[in-house]
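Some notes on the structure that comes next.
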Amino acid sequence: MKVAALFFSEGLVMGRLIPTFALATAGLAILLVASIYGFSLGSPPDSEDEHISALPDALDKLSAEASHEPWILISVPDRTLAIILLGQTIGTYKIAVGKPSTPTPLGEFRITSLDPRPRSRTGSFGTRWMEFSRNTAHRITHVFGIHGTNLPDTIGSATSGGCVRLRNQDVEEVYRKAYLGQPVRIVDRPLDELGPC
């Protein structure tokens, strides 16, 4: 009876029943995911340190599961993009990176958008686009992409506005292995200095 009261407390307007049901479903999904990863939503941590110490365990679980999917490693000095799966390099591709005034950002990112037919005024995005972004401390989002190019002679150089360029046939191969949320790590070290991934 309480459940019926919850769903009908807003009246019988269909537009209000669906959002109530959707919120209840989303809440159940959050509880399910929290229980899978061992989080308790019952009481807050006693201190900030206790909350922070629980995060690495959860991140390790997520990383272990994500390791079964390919991820992207980019070495700016090598001008190389590598696809990594289960700790093994399954593909490497020569790239162009950002010029000194607009460098390719370093750090950890996720693929946030995939476009099989990117459009630009000059056609400079080539045949595929994989977007990643970074939010600054001032809440400004800087968007970058891994994309093809209609200027294949630029591959191997530092000439872009911060994006990562590949030859069109290479970006099409990388795109086939891409997925939303895919990890992207961009480093300022040669790949041979990184050791096993």
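Since every read-out is calculated from the coordinates, none of them should be taken as a lab result. Remember, it's a predicted structure, so these values are computed and weren't measured experimentally. All Cβ positions, even for glycine, are placed from backbone atoms using ideal geometry, and neighbour counts span all protein chains on display.
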What is the magnitude of the charge dipole of the range 71-193 about its Cα centre, with +1 placed on the Cβ of each Lys and Arg, -1 on the Cβ of each Asp and Glu, and no other charges, expressed in debye to the nearest 20? 400
Considering amide H positions built from the backbone, and no H for Pro or chain starts, which residues 5 or more places from residue 145, or on another chain, come under 5 Å of its amide H? 132, 163, 164
Distance between Cα centroids, the range 164-192 to the range 69-145: provide it in whole Å. 6
Where Rh denotes the Kirkwood radius from the mean inverse Cα pair distance, what is Rg over Rh for the range 71-193? 0.93
Over 10 Å intervals from 0, what percent of Cα-Cα pairs in the range 125-197 sits in each interval? 17, 42, 36, 6
